[in-house]
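Okay, so here's the structure we're looking at.
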Amino acid sequence: MAKKSKTTKLTLPIIVEKDEDGFYVVECPLLKSCYTQGETLDEALKNIREVIEMCLEEESEDEVSDIAHIQEFSFHTVAVEV
């Protein structure tokens with residue numbers, strides 16, 4: 001029998017925005033090139049879970065461990081004049 005690998009449940013931040021065409025665009029800023037979209041928010045969230053799983057498969061165990069140990073992640077905005 002194949003040995004079952006240990007799994008870890010990660011809680012990762014995501015950013016969701018609605019584009020000009022009405023699609024929900026979602027990205028996980030902790031993972032490089034980890035983004036997707038959906039026609040509905042539910043579809044976009046389902047899709048990002050799948051994309052995150054694929055992105056994590058490409059990461060080393062050390063990189064996943066580093067991500068798992070992040071204690072806080074915050075999103076801020078700043079005003080700039082243009």
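The numbers here are math on the coordinates, done by the rules we state, and not lab data. Predicted, not measured: the structure shown is a model, and the values here were computed from it. Neighbour counts are summed over all protein chains in view; Cβ atoms, including those assigned to glycine, are modelled from backbone coordinates with ideal geometry.
Key figures
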item	result
Hits in region 37-49 - residues which are surrounded by 11 or more Cβ atoms within 10 Å (Cβ to Cβ) and out of contact with any strand residue (DSSP E or B) (no Cβ under 6 Å at 6 or more places or on another chain)	Glu39, Thr40, Glu43, Leu45, Lys46, Arg49
Restricting region 57-76 to residues that are in contact (Cβ under 8 Å) with a residue 12 or more places away in the chain and not small (Gly, Ala, Ser), the residue that is farthest from Pro13 (Cα to Cα)	Glu59
Filtered residue count, region 9-54, keeping only those that are in a loop (DSSP other than H, G, I, E, B) and within 25 Å of Thr77 (Cβ to Cβ)	16
Matching residues in region 55-72 - criterion: being assigned to a helix (DSSP H, G or I) and surrounded by 11 or more Cβ atoms within 10 Å (Cβ to Cβ)	Cys55, Leu56, Glu58, Glu63, Val64, Ser65, Asp66, Ile67, Ala68
Scan of region 73-82 for residues that are surrounded by fewer than 10 Cβ atoms within 10 Å (Cβ to Cβ) and not β-branched (Val, Ile, Thr), ordered by number	Ser74, Phe75, His76, Ala79, Glu81
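The rows are residues; the columns are (1) in contact (Cβ under 8 Å) with a residue 12 or more places away in the chain; (2) small (Gly, Ala, Ser).
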site: Thr8; (1), (2): yes, no
site: Gly22; (1), (2): yes, yes
site: Ser33; (1), (2): yes, yes
site: Cys55; (1), (2): yes, no
site: Val78; (1), (2): no, no
